[in-house]
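Below is one structure, written out as structure tokens; the observations come after it.
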Amino acid sequence: MIQIETGWLLLIPIFFGLGWLASRWDLRLEARQDERERLKQQRSTFKGLNLLLNEQPDQAIETLVKVAQLDPETVDLHFSLGNLFRRRGETERAIRVHQHLANREDLKPRDRDHAAYELGRDFLRAGLLDRAEASLNQVGAGKYAIPAKESLLEMYQVEKDWKKAIIAANELQGLQDKSHQLEIAQFYCEIAQEALRRADFPEAEGAIHHALSAIPNHARALILQGDFYLANERPQQAIDVWAIVARENPAYMHLVADRWMAAHHAVNQVNLGLDQLLALLKTQAIGELLDIVHKHMMQIRGAQAAEVMLVDVMQHSPTLSALSKLAETRLALAEVTGPETRVADLKSTLGLLKQRTTALARYTCGNCGFRARRFYWQCPGCNHWEAYSPRRTEGAVPSGPSM
């Protein structure tokens with residue numbers, strides 16, 4: 001039997017104690033190293049933020065990239081870097097950052113949804129719409145579900161994919177306490193308008209029906225329904241539908257006034273149609289309706305009747321446009337009966353008035369202030385629907401974009 005000396009047994013606890021002390025020392029050294037790394041990251045992060053505040057984004061990006069390289073697990077920092085790249089227009093770098101996050105298996109579901117959402121926005125910024133759609137559709141039902149659907153809705157409108165836009169708008173309604181019926185009605189109107197251009201009357205009729213279901217007596221849907229009847233040689237039904245517009249939304253009648261007269265001509269009731277438009281001028285004389293009524297008045301009843309009408313308009317709704325039309329009418333009369341000096345004076349007056357009215361702001365978006373000479377259902381500036389007032393304005397041209 002092996003004999004173990006008592007002295008060796010006494011060395012065992014000593015060796016154990018030395019090992020324990022060594023492990024504690026290693027832990028302390030590791031903690032100190034971690035603390036130095038943490039402080040280094042903290043200083044670099046603060047340095048990057050300071051550079052951002054001092055409007056030095058290039059140096060800030062370099063500093064924050066170094067921090068991300070020191071600790072690849074910093075998810076929030078990677079999101080910040082990706083967004084910073086995108087704002088700087090460096091979409092390729094933003095895509096790489098967000099793709100790296102989206103491909104990580106250790107991400108929480110919320111962070112994975114965030115990465116998919118940000119990646120979709122990157123692709124949108126880069127114009128890669130198919131990839132943007134695929135990425136945004138990967139976002140689950142969480143914090144980023146609503147902004148992802150909003151981005152999809154915006155993208156479908158840019159693409160003019162109205163059927164997908166309707167689906168996205170309906171899904172948004174299910175996620176938030178906000179109605180999108182107005183947009184849905186407009187999307188169906190876009191489908192109907194395109195179908196009427198193609199003479200696809202069944203699709204046009206169905207889309208108009210859906211638009212009116214979304215918003216009963218919607219002005220644009222009723223206008224398109226009248227166009228549908230007129231295209232199918234049913235002028236009386238077109239008149240009946242447009243009469244609802246005249247009663248419920250008279251400010252939009254300038255959009256259909258010419259076709260209104262065409263429908264009345266088809267049923268041999270031109271004077272009745274003109275009288276009904278004249279009645280609307282009592283409240284709608286400011287805008288294009290006056291121009292259209294004046295044109296038909298000159299054609300049907302002559303310049304003298306048009307002059308009487310314009311004098312009446314100037315008494316209750318005086319505008320430069322009405323004054324210009326009055327000068328135009330009196331010039332037409334003077335060219336037949338008046339002396340040459342009066343004709344010359346009226347031509348000078350009319351020239352000045354037309355120059356002035358041409359420079360006036362016409363339609364202004366109530367959301368972004370974008371101005372245009374023609375009426376739009378969707379603002380070209382901010383893409384909001386029905387943001388334009390149907391009434392044409394006159395006066396000083398405000399600062400801001402126009403077309």
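The values are calculated or read from the model by the stated rules, or taken from the named source; none is laboratory data. Predicted model only: the values in this text are computed from it and were never measured. A quick note on method: Cβ atoms are made from the backbone with ideal geometry, for glycine too, and the neighbour counts reach across all protein chains shown.
At-a-glance table
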| item | result |
| --- | --- |
| Verdict on Gln157 being in contact with a strand residue (DSSP E or B) (Cβ under 9 Å, 6 or more places away or on another chain), buried (at least 16 other Cβ atoms within 10 Å of the Cβ) and not assigned by TED's automatic domain parsing to the domain that holds Leu212 | yes |
| From the options Ala238, Ala306, residue that is in the same structural domain as Gln355 (by TED's automatic domain parsing), crowded, with 22+ Cβ neighbours inside 10 Å and in a helix (DSSP H, G or I) | Ala306 |
| Pairs with Cβ under 7 Å, 6+ apart, first in region 237-254 and closer than 20 Å to Arg392 by Cα, second of a type in the set (Phe, Trp, Tyr) | Val245/Tyr252 |
| Residues (in contact with a helix residue (DSSP H, G or I) (Cβ under 9 Å, 6 or more places away or on another chain), assigned to a loop (DSSP other than H, G, I, E, B) and of a type outside the set (A, V, I, L, M, F, W, C)) located in region 94-126 | Asn103, Arg104, Lys108 |
| Criterion violated by Lys178 - all others in (1) charged (D, E, K, R); (2) under 27 Å from Ala102 (Cα atoms); (3) surrounded by fewer than 21 Cβ atoms within 10 Å (Cβ to Cβ) satisfied | (2) |
| Pair list, Cβ under 7 Å, 6 or more apart: region 332-353 residue free of Cβ contacts under 8 Å to residues at least 60 places away in the same chain and part of a helix (DSSP H, G or I), other residue surrounded by 14 or more Cβ atoms within 10 Å (Cβ to Cβ) and basic (Lys, Arg) | Ala334/Arg342; Leu346/Arg330 |
